[in-house]
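The values are calculated or read from the model by the stated rules, or taken from the named source; none is laboratory data. Here the structure is a predicted model, which means the values were calculated and not measured. A quick note on method: Cβ atoms are made from the backbone with ideal geometry, for glycine too, and the neighbour counts reach across all protein chains shown. What goes into the accessible areas is simple: the full protein's heavy atoms, side chains included, and nothing from ligands, DNA or RNA. Shrake-Rupley method; radii C 1.70, N 1.55, O 1.52, S 1.80 Å.
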Amino acid sequence: MVKYNPENSADVLICLEHGGKGLRVKMTDFGVKPFDFTKLKEVDVNKRIEERTPGGLGIFLTRKLVDEIHYEYVNGNNVITFVKNVEH
């Protein structure tokens, strides 16, 4: 959110919740255009590095590390929620 929207001077709100089976991280970027990164095409990590274009690896890694990803656009704000299930 910070890297891809540097012209926005608003803060990014990060909320952490622990409950149920896991940890929920909710990130809100205020006053921005919609950007649903969950609809982006996956990066082909099997291509040789010389054949790939920069970008997309952060999203690829995030998808691999979390159990759920949700996106909403609410009142001019991008809201992304990640859920990671954890053992007690």
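One residue stands out among those in the stretch 25-38 that are at pLDDT 90 or above and outside any loop (DSSP other than H, G, I, E, B): the one that is surrounded by the most Cβ atoms within 10 Å (Cβ to Cβ), which is ASP29. For the stretch 62-88, what are the residues that are assigned to a helix (DSSP H, G or I) and open to solvent by 100 Å² or more (accessible area, probe 1.4 Å)? The answer is LYS64, LEU65. Say whether the condition of being surrounded by 11 or more Cβ atoms within 10 Å (Cβ to Cβ), modelled with pLDDT of 90 or more and part of a loop (DSSP other than H, G, I, E, B) is met by at least one residue in the stretch 1-24. No, every residue in the stretch 1-24 fails to be surrounded by 11 or more Cβ atoms within 10 Å (Cβ to Cβ), modelled with pLDDT of 90 or more and part of a loop (DSSP other than H, G, I, E, B). Which residues, taken from the stretch 39-61, are part of a helix (DSSP H, G or I), loosely packed, with under 11 Cβ neighbours inside 10 Å and not basic (Lys, Arg)? Passing the criteria: ILE49, GLU50, GLU51.
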